[in-house]
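The structure appears below as structure tokens.
The values are calculated or read from the model by the stated rules, or taken from the named source; none is laboratory data. Note that the structure is predicted; figures quoted are calculated from it, not measured. No Cβ is skipped: glycine too gets one built from the backbone with ideal geometry, and neighbour counts run over all protein chains shown. Side chains included, ligands, DNA and RNA excluded: accessible areas come from the protein's heavy atoms. Shrake-Rupley method; radii C 1.70, N 1.55, O 1.52, S 1.80 Å.
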Amino acid sequence: MKVVVDMNKCQDHGQCVFAAPDVFSFDDAGRLAYVPDPDDALRDEVEEAADVCPLQAIRIEG
Amino acid sequence: MTGRIVVAGGSMGGLRAAEQLRAAGWTGAVTVVGDEPHMPYNRPPLSKEVLAGRAPFASLAFTPKAAAADVEWRLGTKAVGARLDERTVTLDDGSTLSYDGLVVATGMRPRRLRCPGPLAGRHTVRTLADARGLREELTRPGVRVVVVGAGFIGCEVAATAAGLGVGEVTVVDPLPLPMAGPLGDLLGRALLRRHERRGVRFALGTGVTGFEGTDRVTGVVLGDGTVLPADVVVESVGSVANVEWLQDNGLDLTDGVLTCAQLRVGGRPDVVAVGDVARFPNARYDGVPRRVEHWSIPADTARHAAKALVAHLLGEEREPAPFAPLPTFWSDQHDFRLQSFGAPVLGLGDVRVLDGDPDGDPEGDVLVGYHHTDRLVGVVALGGRTAALDAARYRAQLLQQPALTA
């Protein structure tokens, strides 16, 4: 599974960090960081993160 | 697989329900009925970017998941009746749809003020058409705006209007502070100060008793007799559940539609409810059924309700764990944001500052914790874009929260 976040859209709401903390986190500067190729076992929580992104900036491929 | 699931409601809740029915393994027909002419779109920008003229409609439309590509959309029509014993839904074009499973996702509509006076010049903000109509009026030079209701929509619209450079904008509310209902007094005071510093005026502790004007509104009459001159009025005084179509089926429709912990309606395994129309118990908290109007709820409820409905239709015995979402919300106003995780409204009696100094720097970031019986049930950050970062640190604590007793 491949995760792509449109960082031009992202506004640091952090909803994805709550939904899928194994994949999304804030770095020390407060910017979103994420695992671009998470294990398929995490698909449910990544899909939830994509659904609850206020800017709909998270895309899942494959 | 044969059979059909009807989803009544074509907004985000209807879309997420259709997608989650497929994710849960339903391969039969799915028909979504929606009264707006548009495919599902994102509503939060209506009171902000759309009103400010910064977001075209194309940027609001959701991209449906590929698995939901074969869903049938019946737009521009709505459910006006249902006979749950016979598994049928009647539409306003006179047709009747039979179903094997039904998803109630008809959402809310704005509550209107019933006091006397002309209707022209008075607006609500729920649909794209509402936002477009209001924008047209707000962009007239020097326009005087009165916003009735200092909740989420009211505060956001007031902020956007101030940003557009309207002549003046005044927010009226019977409560003494903005957003005091969901956030309490501490953040209410901080919000009031920030709004006032950005040119928004407030008339608090008073309601509206009428509107002046003959053909269209020219003023708003307050409870104490004061008249606020107004060219445009925005009514943001809460919402009403769209449940009339479900009447005469023996359901509890006193505030939305009552569901069980599996989001089933009226003890019927073939009917579930999603979105803000669903009044559901949250097993994470006290189990008291409540409607929740936050943006995260349609996705959360759809995920759970679709599993419960499809499990029944496929004859599976397993019962999902009770629904226990962690609610979240945010609100962008002026150049600051409120970001909430958990259920602050359940901890309004014990509000503590976790970070920052709300009485010090009027523009500083503030993080507030809401407690029930000494346990953290919600956090709200007020400040710049990184406010969510502070709130997110409490994720584990909010999720580990043991169930409360009522």
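In this structure, does B:A230 turn out to be buried (at least 18 other Cβ atoms within 10 Å of the Cβ) and under 23 Å from the mean Cα position of the chain (by Cα)?
Taking the combined requirement at face value, the residue does not satisfy it.
How many of the residues in segment B:54-68 are part of a loop (DSSP other than H, G, I, E, B) and open to solvent by less than 50 Å² (accessible area, probe 1.4 Å)?
Summing the residues that are part of a loop (DSSP other than H, G, I, E, B) and open to solvent by less than 50 Å² (accessible area, probe 1.4 Å) in segment B:54-68 gives 3.
Among the residues of segment A:12-27 satisfying the criterion of being touching a Pro at 6+ places or on another chain (Cβ under 9 Å) and not aliphatic (A, V, I, L, M), which is surrounded by the most Cβ atoms within 10 Å (Cβ to Cβ)?
Here the residue is A:Q15.
Can you name the strands (runs of 3 or more DSSP E) wholly within segment B:74-146 that have at least 3 residues being surrounded by 19 or more Cβ atoms within 10 Å (Cβ to Cβ)?
Passing ranges, in order: B:101-104.
Of all the residues that make up segment B:174-210, how many are more than 16 Å from B:A230 (Cα to Cα) and assigned to a strand (DSSP E or B)?
So the count comes out to 1.
B:A302 fails exactly one of the following numbered conditions: (1) over 30 Å from B:V30 (Cβ atoms); (2) within 14 Å of chain A (Cβ to nearest Cβ). What is the number of that condition?
(1)
What is the residue count in segment A:26-52 for residues that are within 19 Å of B:G384 (Cβ to Cβ) and facing chain B (nearest Cβ under 10 Å)?
The number of residues fulfilling the criteria is 7.
Tell me whether segment B:348-361 contains one or more residues that are in contact with a Cys (Cβ under 7 Å, 6 or more places away or on another chain) and in contact (Cβ under 8 Å) with a residue 24 or more places away in the chain.
No, there is no match, as no residue in segment B:348-361 is in contact with a Cys (Cβ under 7 Å, 6 or more places away or on another chain) and in contact (Cβ under 8 Å) with a residue 24 or more places away in the chain.
Determine which member of the set B:V104, B:V80 is at pLDDT 95 or above and farther than 30 Å from A:E47 by Cβ.
B:V80
Touching a Gly at 6+ places or on another chain (Cβ under 8 Å), outside the structural domain of B:V103 (by TED's automatic domain parsing), aliphatic (A, V, I, L, M) and on the phi < 0 side of the Ramachandran plot: which single residue out of B:L309, B:L367 fits that description?
From the options B:L309, B:L367, the qualifying one is B:L367.
Looking at B:G25, B:G34 in this structure, which one is assigned by TED's automatic domain parsing to the domain that holds B:G275, touching a Leu at 6+ places or on another chain (Cβ under 9 Å), surrounded by fewer than 22 Cβ atoms within 10 Å (Cβ to Cβ) and in contact (Cβ under 8 Å) with a residue 24 or more places away in the chain?
Criteria check complete, one pass: B:G25.
Considering each residue of segment B:150-205, count those that are closer than 18 Å to B:G383 by Cβ, free of Cβ contacts under 8 Å to residues at least 24 places away in the same chain and open to solvent by 20 Å² or more (accessible area, probe 1.4 Å), and give that number.
Residues that pass the stated criteria total 2.
Kindly check whether there is at least one residue in segment B:128-148 that is basic (K, R), in contact with a Lys or Arg (Cβ under 7 Å, 6 or more places away or on another chain) and in contact (Cβ under 8 Å) with a residue 24 or more places away in the chain.
No, because not a single residue in segment B:128-148 is basic (K, R), in contact with a Lys or Arg (Cβ under 7 Å, 6 or more places away or on another chain) and in contact (Cβ under 8 Å) with a residue 24 or more places away in the chain.
Does any residue of segment B:71-84 turn out to be within 14 Å of chain A (Cβ to nearest Cβ) and touching a Pro at 6+ places or on another chain (Cβ under 7 Å)?
no
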